[in-house]
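Q: To start, I am sharing the structure in question, which I have written as structure tokens.
The values are calculated or read from the model by the stated rules, or taken from the named source; none is laboratory data. Bear in mind the structure is a predicted one, so any value in this text is a computation, not a measurement. Using ideal geometry, Cβ is built from the backbone for each residue, glycine included, and neighbour counts are taken over all protein chains shown.
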Amino acid sequence: MSGTLAGQVAVVTGGAGGLGEAICMALAQAGCSVVVGYNSSADAARALAARLPLAAQVPALQAHTALPAPQAHTALPAPVTDSTALATLADTLRQRYGRCDILVNCAGTTRFVPHPQLDALDDALFDQILATNIRGPFAAVRALRPLLAAPRSDGGTGLVVNISSIAAVTAMGSNIAYCASKAALDNMSKSLARALAPAVRVLSVSPGLADTDFVKSMDPAWRHEQAGRTPLQRLAGPDEVAAAVLACATHLSFSTGTVIAVDGGRPLA
């Protein structure tokens, strides 16, 4: 897929996280100029932007706009709970790149709270999860919509990919609020797909448990148990989730308002 997306600009919120890093890498390898969006992980985001592979996309960007030659990749603040900061992000993209073709909403938050422990899921945590996992993606789309919907010389569309979770379907996850937030995200993806068509396509990519560094740090017996509950008998690799995001941009050109499962068939078990 090298060079397939040459000349395009992609923003990945939560780009320095385990899934975000894999998604940034896949998009860069396909030729995108990648903006690694971050909230508190500025150093990690800048380090990632510096090591992403470069492609021959800068000349295409220069031909597209009279703005100064942009950096191929960069890290920019993208706190999804701060609408003012997201408006600033949009202005920076407009000035630096003159466009935004792909938005991947990968930023999210959660904390393990056993589902029966209702009192442990306090109001502050519940509100934080909803603000980050559902209001945040909406706010990012709202801020970047003018760039995503801008006419393109190739007649293509803008693209939003929301990173959801199998928890939206199974209602099994780190806590009840997290499961609810991902179900809401899948539903919102459908509403946004209708609202933004035909200029922008909107898809959800819904992984099962992904074997990120964070998950690898957990109890091996628990990880083995989770893999055993999946028909394919393993966890999703971050690169497999990234490949699904890339497919949304490169192959699924007539898809919008749907959920792409990357879960190894877990709901079948």
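Q: Between residues in the stretch 2-13 that are closer than 18 Å to residue 163 by Cα and at pLDDT 90 or above and residues that are among the polar types (S, T, N, Q) and in a loop (DSSP other than H, G, I, E, B), which pairs lie under 8 Å by C-beta distance while being six or more apart or on different chains?
A: Pairs that qualify, where the first residue is closer than 18 Å to residue 163 by Cα and at pLDDT 90 or above and the partner is among the polar types (S, T, N, Q) and in a loop (DSSP other than H, G, I, E, B): there are none.
Q: Part of a helix (DSSP H, G or I) and either surrounded by fewer than 24 Cβ atoms within 10 Å (Cβ to Cβ) or in contact with a Leu (Cβ under 7 Å, 6 or more places away or on another chain) (or both): does that describe residue 10?
A: no
Q: Tell me which residues, restricted to the stretch 77-92, are hydrophobic (A, V, I, L, M, F, W, C), out of contact with any helix residue (DSSP H, G or I) (no Cβ under 6 Å at 6 or more places or on another chain) and either within 14 Å of residue 138 (Cβ to Cβ) or crowded, with 20+ Cβ neighbours inside 10 Å (or both).
A: Across the stretch 77-92, the qualifying residue is only 89.
Q: If I filter the stretch 142-167 down to residues being of a type in the set (D, E, K, R) and assigned to a loop (DSSP other than H, G, I, E, B), which single residue comes out as farthest from residue 101 (Cα to Cα)? Don't jump to the end; show me each part of the working.
A: Residues of the stretch 142-167 of a type in the set (D, E, K, R): 142, 145, 152, 154.
Now drop any that are not assigned to a loop (DSSP other than H, G, I, E, B), which leaves 152, 154.
Numbers: 152: 9, 154: 12 Å.
Only one residue fits best here, namely 154.
Q: Within the stretch 202-212, does at least one residue satisfy the condition of being modelled with pLDDT of 85 or more and part of a helix (DSSP H, G or I)?
A: Scanning the stretch 202-212, I find no residue that is modelled with pLDDT of 85 or more and part of a helix (DSSP H, G or I), so the answer is no.
Q: Can you confirm whether residue 234 is within 18 Å of residue 172 (Cα to Cα) and not in a loop (DSSP other than H, G, I, E, B)?
A: Taking the combined requirement at face value, the residue does not satisfy it.
Q: Return the residues of the stretch 30-52 that are part of a helix (DSSP H, G or I), touching a strand residue (DSSP E or B) at 6+ places or on another chain (Cβ under 9 Å) and farther than 24 Å from residue 84 by Cβ; say none if nothing qualifies.
A: Hits for the stretch 30-52 are 47, 48, 50.
Q: Continuing with the same structure: Across the stretch 254-266, what is the total count of residues that are out of contact with any strand residue (DSSP E or B) (no Cβ under 8 Å at 6 or more places or on another chain) and in contact (Cβ under 8 Å) with a residue 40 or more places away in the chain?
A: So the answer is 1.
Q: Consider residue 126 against the criteria (1) assigned to a helix (DSSP H, G or I); (2) in contact with a Gly (Cβ under 9 Å, 6 or more places away or on another chain): it satisfies all of them except one. Which criterion is unmet?
A: Unmet condition: (2).
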